[in-house]
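Undergrad: I'd like to ask some things about the structure below.
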Amino acid sequence: MEFISLMMVRKTQIPFTEIDSIPLLVRDFLEGRLSEFSEVQFTRENIRRQISTKADFFDEEKRRTLVSVIREQYGDIELTSLQQDHLDRLLKDNTFTVVTGHQLNLFSGPVFFVYKILQTIKTAELLNTWFPGQHMVPVFWMATEDHDFDEINHFCTQDACYEIRGKSGGPVGKIRVDDQFFIHEFEKEFKDSVYGTELIRWIKEAYQTGNTLAGATRILVNRLFAEYGLLCIDGDHPALKSQMKNIFREELLHQKLFATSRKNVDFLTARYGKVQVNPRHINLFYLSDTRDRIDTDGQTFYIVGKNMSFTEDELLQQLERYPERFSPNALMRPVFQETVLPNLAYIGGNAEIMYWMELKDYFKAVGLVFPVLIPRNSMVCLPGKIFEKIERLDLRISDFFKNFAVLIRTQIQNNEPLEDLLKKLENVIHENFSILKQNAGLTDITFKNLVEAEETRQLKSYTRMHKRLLRAQKIKQSERLERIERIFYDIHPGKTWQERVYNFSVFYADMGREWLQNCYQEMDAEQSALVIMQI
């Protein structure tokens, strides 16, 4: 596909509640079917309650620490006037945050990274209109302490995948760039694009030799979103970790997260088959040259995979003196975030929302305010010719976000009059044998068995005819089905949603900031949905 246009138009929007591939738990949550979580759904009243409770929890000292850390982390990066205003406002007790977070994917990784942040910015602005006496600041939480380098060391365009080399095992935010090969290759692909020069300048600036991946991500995110007032924060800071000492101590000594999340984990498992992340007995890592899990045998604490162990007193002394050496896992990270930020709402992917829901009782147990949860929106950008092809086939774009096998089968059946005739005759068989079975028991039992066996035999014949008709129609309609299949894979590169494959550069290269602004304008801040755009 070619992405060349100077405008974008929203073609349609599909609520997540109408998309079968969205996890059932998320759909039930959005539709209000989970009364246990009704107070954390995104409503005006729930946000109003958040403002009241968070204002009492988040004191002046926390605000000063937060602002000081953010200023320090931005270093020499020049802030826009709106960013500076947001920082100044964070010192005041009527200012709160709307947060999203993500891994430090190379050059932002898949494009949903951008959509996620745009929704956070737009949600903050929406809340500012809802509550004019308060002020909301959009914040991006950088997952700098994750240690799975293989998950974040690459990104893909339509024509290539780019990868950076680095040593894995430690916090990815501290990895320093010493590999420039991916930049040279990226330059070859984009040097002739309309906005390629800008993209190349950004990637060179962010990933210059010696920069950490945390620093590189902050530079890139600032280039994209500084004008919107977005602030980045890296939780890997001693002043922020110090605020977690009591919670970390409870986790080490009493494994409170595991115990208090059990009820919700059991409820979600019983209703939906599994949970997104199973809590461990200790949900902390220890940071040395690598990031390794802390475990205990009841007497001694040891670092999994390391020749390192502590007595209880030794480990607590470490925590008191060096809190920065302790790192939250995926389930403890939300607790860390909500401790150090005056946050009202978290915008996350489906998987994130599902594991946040496990923690509601734990938040209460440690005296924290649980935020409103907002499943992030999805977007797909397609050229006009795709929509033209869909219209010529008398289909809708929404058809291509259903199960593909069901779509094909439906197309075959809808274009085959014999299928309807077979169904009608099959229903007649059902009705006739139903009458026979109601009266067969009045005679000998062997006659009733004969009726049931004959029903089974005849219905098997119809099953065979359905299958043979389906095969015949696939051959007859092969050209139409091939066209549908090509469109499906144009919309779903790699058999998945476009936003999970392509990097933002695919779209930015030809449209620049106009693409970014159009995505922002069309983003729905009030409903979790898939927004489909023509470019």
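Undergrad: Quick one: in region 279-312, which of the residues that are in a loop (DSSP other than H, G, I, E, B) and out of contact with any Asp or Glu (no Cβ under 9 Å at 6 or more places or on another chain) is farthest from V366 (Cα to Cα)? Lay out the reasoning, then the answer.
TA: First, the residues of region 279-312 that are in a loop (DSSP other than H, G, I, E, B): 279-283, 288-290, 297-300, 304-308, 311.
Applying the additional criterion that residues be out of contact with any Asp or Glu (no Cβ under 9 Å at 6 or more places or on another chain) yields 288-290, 297-298, 307, 311.
On the way: S288: 27, D289: 30, T290: 29, D297: 24, G298: 23, N307: 32, T311: 25 Å.
Per the stated criteria, the residue is N307.
Undergrad: Can you name every residue in region 478-498 that is more than 17 Å from P383 (Cβ to Cβ) and among the polar types (S, T, N, Q)?
TA: Once the filter is applied, which keeps residues that are more than 17 Å from P383 (Cβ to Cβ) and among the polar types (S, T, N, Q), region 478-498 yields S478, T496.
Undergrad: Answer yes if at least one residue in region 118-127 is in contact with a His (Cβ under 6 Å, 6 or more places away or on another chain) and under 23 Å from G229 (Cα atoms), and no otherwise.
TA: No: region 118-127 contains no residue that is in contact with a His (Cβ under 6 Å, 6 or more places away or on another chain) and under 23 Å from G229 (Cα atoms).
Undergrad: Do the conditions hold for S108, that is, is it hydroxyl-bearing (S, T, Y) and surrounded by 14 or more Cβ atoms within 10 Å (Cβ to Cβ)?
TA: On the way: hydroxyl-bearing (S, T, Y): yes; surrounded by 14 or more Cβ atoms within 10 Å (Cβ to Cβ): yes.
Yes, satisfied.
Undergrad: Same structure, new question: All but one of (1) of a type in the set (G, A, S); (2) modelled with pLDDT of 95 or more; (3) not assigned by TED's automatic domain parsing to the domain that holds E36 hold for G273; which doesn't?
TA: The number of the failed condition is (2).
Undergrad: State all residues of region 174-212 that are polar (S, T, N, Q) and more than 24 Å from Q73 (Cα to Cα); if no residue qualifies, say none. Walk me through it before giving the result.
TA: Quick first cut of region 174-212, residues polar (S, T, N, Q) only: 180, 193, 197, 208-209, 211-212.
Q180, S193, T197 - these are the residues of region 174-212 that are polar (S, T, N, Q) and more than 24 Å from Q73 (Cα to Cα).
Undergrad: Among the residues in region 89-96, are any assigned by TED's automatic domain parsing to the domain that holds P138, surrounded by 12 or more Cβ atoms within 10 Å (Cβ to Cβ), among the hydroxyl-bearing types (S, T, Y) and in contact with a Gly (Cβ under 9 Å, 6 or more places away or on another chain)?
TA: No: zero hits.
Undergrad: Still on this structure, I have one more. Would you confirm, using the coordinates I've provided, whether A330 is within 22 Å of T144 (Cα to Cα), part of a strand (DSSP E or B) and not polar (S, T, N, Q)?
TA: Values: within 22 Å of T144 (Cα to Cα): yes; part of a strand (DSSP E or B): no; not polar (S, T, N, Q): yes.
So A330 does not fit the description; no.
Undergrad: Follow-up question, since we're still on this one. Is there a residue in region 368-377 that is buried (at least 16 other Cβ atoms within 10 Å of the Cβ) and either part of a helix (DSSP H, G or I) or free of Cβ contacts under 8 Å to residues at least 24 places away in the same chain (or both)?
TA: Of region 368-377, the ones buried (at least 16 other Cβ atoms within 10 Å of the Cβ) are 368-377.
If we keep only those that are either part of a helix (DSSP H, G or I) or free of Cβ contacts under 8 Å to residues at least 24 places away in the same chain (or both) as well, we get none.
No, there is no match, as no residue in region 368-377 is buried (at least 16 other Cβ atoms within 10 Å of the Cβ) and either part of a helix (DSSP H, G or I) or free of Cβ contacts under 8 Å to residues at least 24 places away in the same chain (or both).
A quick yes/no check of all residues on (1) free of Cβ contacts under 8 Å to residues at least 12 places away in the same chain; (2) touching a Cys at 6+ places or on another chain (Cβ under 7 Å); (3) assigned to a helix (DSSP H, G or I):
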{"residue": "D146", "(1), (2), (3)": "no, no, no"}
{"residue": "D179", "(1), (2), (3)": "no, no, no"}
{"residue": "I183", "(1), (2), (3)": "no, no, yes"}
{"residue": "T197", "(1), (2), (3)": "yes, no, yes"}
{"residue": "K204", "(1), (2), (3)": "no, no, yes"}
{"residue": "G210", "(1), (2), (3)": "no, no, no"}
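Residues checked against (1) surrounded by 20 or more Cβ atoms within 10 Å (Cβ to Cβ); (2) part of a loop (DSSP other than H, G, I, E, B):
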| residue | (1), (2) |
| --- | --- |
| K11 | no, no |
| I14 | no, no |
| D28 | no, no |
| R33 | no, yes |
| E45 | no, no |
| Q83 | yes, no |
| H86 | yes, no |
| T100 | yes, no |
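Undergrad: A further question on this structure: Within region 48-74, how many residues turn out to be in contact with a Phe, Trp or Tyr (Cβ under 7 Å, 6 or more places away or on another chain) and of a type in the set (V, I, T)?
TA: 1
Undergrad: Checking the conditions here, which among K122, K116, K62 is over 28 Å from the mean Cα position of the chain (by Cα) and at pLDDT 95 or above?
TA: Details: K122 fails: over 28 Å from the mean Cα position of the chain (by Cα); K116 fails: over 28 Å from the mean Cα position of the chain (by Cα).
When all the criteria are applied, what remains is K62.
Undergrad: Now for a separate question. Taking D192 as the residue in question, decide whether it is modelled with pLDDT under 95 and either surrounded by 14 or more Cβ atoms within 10 Å (Cβ to Cβ) or assigned by TED's automatic domain parsing to the domain that holds F504 (or both).
TA: On the way: modelled with pLDDT under 95: no; either surrounded by 14 or more Cβ atoms within 10 Å (Cβ to Cβ) or assigned by TED's automatic domain parsing to the domain that holds F504 (or both): yes.
No, not satisfied.
Undergrad: Next question. Which number in (1) in contact with a helix residue (DSSP H, G or I) (Cβ under 9 Å, 6 or more places away or on another chain); (2) crowded, with 20+ Cβ neighbours inside 10 Å marks the one condition that D292 misses?
TA: (1)
Undergrad: Okay, moving on. For region 79-114, give me each residue that is aliphatic (A, V, I, L, M) and under 28 Å from M379 (Cα atoms).
TA: Filtering region 79-114 for residues aliphatic (A, V, I, L, M) gives 79, 82, 87, 90-91, 98-99, 104, 106, 111, 114.
Listed by number, the residues that qualify are L82, V98, V99, L104, L106, V111, V114.
Undergrad: For region 105-142, name all the residues that are in a loop (DSSP other than H, G, I, E, B) and touching a strand residue (DSSP E or B) at 6+ places or on another chain (Cβ under 6 Å). Working first, answer last.
TA: As a first pass, look at region 105-142 and keep what is in a loop (DSSP other than H, G, I, E, B): 105, 109, 111, 131-134.
Within region 105-142, G109, V111 meet the criteria.
The values are calculated or read from the model by the stated rules, or taken from the named source; none is laboratory data. None of these values were measured; they are calculated from a predicted model. Glycine also receives a Cβ, built like all others from the backbone with ideal geometry; neighbour counts cover every protein chain displayed.
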